[in-house]
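Accompanying notes for the structure given below.
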Amino acid sequence: MQFQQLQYFVAVAETRHFTRAADLVHVAQPSLSQQIKALERELGADLFLRARGNITLTDAGEALLPLARRILADADTARHEVQELVQLRSGRVRLGATPSLCTGLLPDVLRAFHDRYPGIRLLIEEGGSHDLVRELARGALDLALVVLPLPTPSPALTTVELLREDLVVVSSPDAPRPGQGRRTVRVADLEGERLVMFRHGYDLRELTVAACRAEGFEPDFAVEGGEMDAVLGFVRAGLGVAVVPRMVATRSGRGLRVTPLARPGLHRTIALAHRSDVAPPRAARELQRMLLER
């Protein structure tokens, strides 16, 4: 019994017509009929009652049909599973993330992923949440780590909350401690401090400026326009203080004084996003799992 013969048998059983079945499986009708007859000889029983313009299943055909369908379905499952495994030996994952997450969260997770799946290329795009959402929507990314709430909520995206991260104040150890030397500082204590501020479109910029305005003052910028590495470098040089994620401060803490914000403090919510209408590739889903279980 051949796998192809079962395909032909199911096609005839479903169409009740040899010519239409042959078109369905893309084979000449005489070849299909020959294979069905060969299958009947192998089984020792007729599978169809052939009357002019009327093809029906025999009792043997009725018994074979659910078994043949199950065999074909199992073959499709086997093919799919093998293809999924192949995807984890080669291919790529296109991941977008904010620069602070590239510095704080991703290095350890990506190292673990690379150790497990060394054949998968990791393509990382840094950007603000607004830019990453746009890249996801046009299919340029498989996954993105974004800050909630999204600047423009999109029903075409699925987001899963990943973590809620505290923000802290970093300053140069050679500069006076912010907040008049207290072990924690309030957002209100940043009034009168010179801030090193991120560029426009940076999530942390919007969050910090909004928090200062909620306390009734406009922040004073010593320097603005940098990415994460530049901001930390300017703080180390004593140009001012900055509000950054705790993970970034912990990983990049050399040459920085880290001061927590007093309760309720400032926080940001990180989520993993992907398109709702397209399932991420298997390799991307595996990276997603590792991020969620980290």
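The values are calculated or read from the model by the stated rules, or taken from the named source; none is laboratory data. Please read all numbers here as calculations on a predicted model, not as lab measurements. With ideal geometry, Cβ positions are generated from the backbone for all residues, glycine too; neighbour counts draw on all protein chains shown. Side chains included, ligands, DNA and RNA excluded: accessible areas come from the protein's heavy atoms. Shrake-Rupley method; radii C 1.70, N 1.55, O 1.52, S 1.80 Å.
Taking the conditions (1) open to solvent by 20 Å² or more (accessible area, probe 1.4 Å); (2) out of contact with any helix residue (DSSP H, G or I) (no Cβ under 8 Å at 6 or more places or on another chain); (3) in a helix (DSSP H, G or I); (4) within 14 Å of residue 166 (Cα to Cα) in turn, residue 285 satisfies each one other than (4).
Among the residues of the range 56-65, those that are in contact (Cβ under 8 Å) with a residue 40 or more places away in the chain and either within 18 Å of residue 4 (Cα to Cα) or open to solvent by 70 Å² or more (accessible area, probe 1.4 Å) (or both) comprise 61, 64, 65.
When the range 39-55 is limited to residues that are among the hydrophobic types (A, V, I, L, M, F, W, C) and open to solvent by 30 Å² or more (accessible area, probe 1.4 Å), the one that is farthest from residue 1 (Cα to Cα) turns out to be 51. Residues in the range 187-201 that are over 34 Å from the mean Cα position of the chain (by Cα) and charged (D, E, K, R) were compared, and the one that is farthest from residue 225 (Cα to Cα) is 189.
Would you be able to tell me the number of residues in the range 6-57 that are on the phi > 0 side of the Ramachandran plot and in contact with a Leu (Cβ under 9 Å, 6 or more places away or on another chain)? Residues flagged as on the phi > 0 side of the Ramachandran plot and in contact with a Leu (Cβ under 9 Å, 6 or more places away or on another chain) within the range 6-57 amount to 1. Scanning the range 98-131 for residues being surrounded by 15 or more Cβ atoms within 10 Å (Cβ to Cβ) and of a type outside the set (Val, Ile, Thr) gives a total of 18. Residue-level analysis places residue 68 among those that are in contact with a helix residue (DSSP H, G or I) (Cβ under 9 Å, 6 or more places away or on another chain), part of a helix (DSSP H, G or I) and open to solvent by less than 70 Å² (accessible area, probe 1.4 Å). Scanning the range 265-282 for residues that are over 28 Å from residue 232 (Cβ atoms) and either open to solvent by 40 Å² or more (accessible area, probe 1.4 Å) or in a helix (DSSP H, G or I) (or both) yields 275, 276, 277, 278, 279, 281, 282. Within the range 267-281, the set of residues being hydrophobic (A, V, I, L, M, F, W, C) and in contact (Cβ under 8 Å) with a residue 60 or more places away in the chain comprises 270, 271, 272, 273, 278.
One residue stands out among those in the range 205-236 that are over 16 Å from residue 248 (Cα atoms) and of a type in the set (D, E, K, R): the one that is least open to solvent (accessible area, probe 1.4 Å), which is 220.
Within the range 7-35, the residues that satisfy the criterion of being under 16 Å from residue 67 (Cα atoms) and either touching a residue at least 12 places away in the same chain (Cβ under 8 Å) or in contact with a Cys (Cβ under 8 Å, 6 or more places away or on another chain) (or both) are 7, 8, 9, 10, 11, 12, 13. Against the test of being in contact (Cβ under 8 Å) with a residue 60 or more places away in the chain, loosely packed, with under 14 Cβ neighbours inside 10 Å and touching a strand residue (DSSP E or B) at 6+ places or on another chain (Cβ under 9 Å), the options 249, 242, 156, 175 yield a single qualifying residue, 156.
In the set 89, 79, 20, only one residue is open to solvent by 30 Å² or more (accessible area, probe 1.4 Å), not hydrophobic (A, V, I, L, M, F, W, C) and not in a helix (DSSP H, G or I); that residue is 89.
Residues considered: 167, 162, 123. Of these, the only one that is in a strand (DSSP E or B) and touching a His at 6+ places or on another chain (Cβ under 7 Å) is 167. Quick one: is residue 140 surrounded by fewer than 22 Cβ atoms within 10 Å (Cβ to Cβ) and in contact (Cβ under 8 Å) with a residue 40 or more places away in the chain? Here the answer is yes, as residue 140 does meet what is asked. If only residues of the range 24-38 that are open to solvent by 40 Å² or more (accessible area, probe 1.4 Å) and of a type outside the set (A, V, I, L, M, F, W, C) are counted, the one that is nearest to the chain's Cα centre (by Cα) is 26.
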